[in-house]
Amino acid sequence: MFNQLVRWSGLIASVLFVVMIVTVGMITPGYDMRSQFISELAAVDAPYAVYMNLIGIIPFGLGIVLFGFGFLKRVHFNHFTIIGALLLILSGAGFVAAGLFQCDAGCPFEGSQSQVIHNWTAFGAFILAFLAALWIGISALWSAKRAAPLIFGILACAGMAWSFYMMGAGALEHPMIGLFQRGFILSLCLWLFTTSLYSISSRPRV
């Protein structure tokens, strides 16, 4: 049972997180998905923060961690893959920490200690996820001559890079900052989904 959960963890985590973002965003009074961060759904004053953290953000991080371990068991390109898996595991841990340490009301850039930890762990999780997707794709092509993981990685990284650039270029006050952040998360979730299906269908240690 546990082995099956590990194999499907990336796929389950990506789907569950997207469902929670959309669902909680729709039922939270006055929340605007276009201009507000996802973290605001899990902030200290958010009406459904418990659900967003315990069913959304934290399980998403745990799913990435499990996927990182499971990926090594299902698909083995060479030592490059180990580095990519470690990047995934660290990224997942960052998302877990971001869920455990809630942001303040409105999720400002500066605030309480919990807010600061949330900001830095979430930022680190984003960067590590980007590097993991790119690294795993390159290692697949370099070591096993498999183009599919590289294509998945390039497309996902393009979406994540564009979204991250727009988030930085527009500053925190940009009226579309929420959509830019969702673009990053959607790109990451699509990569997790497709790469998870690929690893499930691949022979172990090929």
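What to note about this one:
- For the chain, the Cys residues with no second cysteine's beta carbon closer than 4.7 Å are Cys157, Cys189.
- Mean Cβ count within 10 Å, highest first, over the residues of peptides 92-99, 109-116: 92-99, 109-116
- For the chain, the Cβ-based charge dipole about the Cα centre amounts to some 1200 debye (Lys, Arg positive; Asp, Glu negative; other atoms uncharged).
- The chain: angle of helix 177-201 to the longest principal axis, Cα-based, in degrees nearest 10: 30
- Whether segment 110-188 is rounded, prolate or oblate, judged on the alpha carbon gyration tensor where a/c under 1.5 counts as rounded: oblate
- For the peptides 57-70, 185-198, 18-31, the ranking by mean Cβ contacts within 10 Å, running from highest to lowest, is 57-70, 185-198, 18-31.
- For the chain, the solvent-accessible area of protein heavy atoms averages 48 Å² per residue (probe radius 1.4 Å; ligands and nucleic acids excluded).
- Of all accessible heavy-atom area on segment 86-141, the percent that carbon and sulfur account for (1.4 Å): 79
- Based on the Stokes-Einstein relation at 37 °C and a viscosity of 0.692 mPa s, and on the Kirkwood radius from alpha carbon pairs, the chain is assigned a translational diffusion coefficient of 193 µm²/s.
The values are calculated or read from the model by the stated rules, or taken from the named source; none is laboratory data. Predicted model only: the values in this text are computed from it and were never measured. No Cβ is skipped: glycine too gets one built from the backbone with ideal geometry, and neighbour counts run over all protein chains shown. For accessibility, only protein heavy atoms count, side chains too; no ligands or nucleic acids. Shrake-Rupley method; radii C 1.70, N 1.55, O 1.52, S 1.80 Å.
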